[in-house]
């Protein structure tokens, strides 16, 4: 069911979409929620990340891998995190390891519950340079996050940090903050937050 890419030419820009959580507060898989246009979050973000400059997209699934696999966009690759219960960092490591096998020039990490990012947000972090570039809005850091191969290797091999943010801070004191759209800091973990997100989407 899970498929990992194994080889590709150098210089690729690889997107990694984290969708492995239980979505317990939402009550259903967040990857398969529908946006204001009726498009699933995973499909919308696949399109956004590819349009923003990613050449390949890897979706990391866990608790709901079967349901996500059944509705995975054709242009996305699926990989499974068997340790999804350990949290977001464990899924980031799985996705980064899969991406590193492609010998990429740049990797973009994003969360499936933040569907309102724009292709320009992706492009800006890809073009920012440096080991770590973080998109945000009004000074608040968010996603997507772009990593150099060096940074991706450091995060993938981290054994001391508890969260992705902790791992980034542990290994890289200097990150590039890239000003993006409000979607970079807007997500949905509950039905109430989902309704707010859909309202924001309709107003754009």
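Key figures for this structure:
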| quantity | calculated |
| --- | --- |
| Where Rh is the Kirkwood radius over Cα pairs, Rg/Rh for region 30-83 | 0.96 |
| Cα→Cβ-extended label distance, 7 Å offset, between residue 39 and residue 74, nm | 1.6 |
| Among 105-112, 81-88, the order from most to least packed when residues are scored by Cβ within 10 Å on average | 105-112, 81-88 |
| The chain, helix-only ellipticity at 222 nm - DSSP H runs n ≥ 4, -39,500 (n - 2.57), divided by all residues, nearest 500 | -9500 deg cm²/dmol |
| Which labelled figure in [x] 1.16; [y] 0.93; [z] 1.43 is Cα Rg over 2.2 N^0.38 Å, once derived from the coordinates | [y] |
| Spacing of the two label points (7 Å from each Cα toward its C-beta) at residue 176 and residue 193, in nm | 2.9 |
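Each value in this text was obtained by applying a stated rule to the coordinates, not by laboratory testing. None of the values given here were measured: they were computed from a predicted structure. Ideal geometry is used to build each Cβ from the backbone, glycine not excepted, and the neighbour counts take in all protein chains shown.
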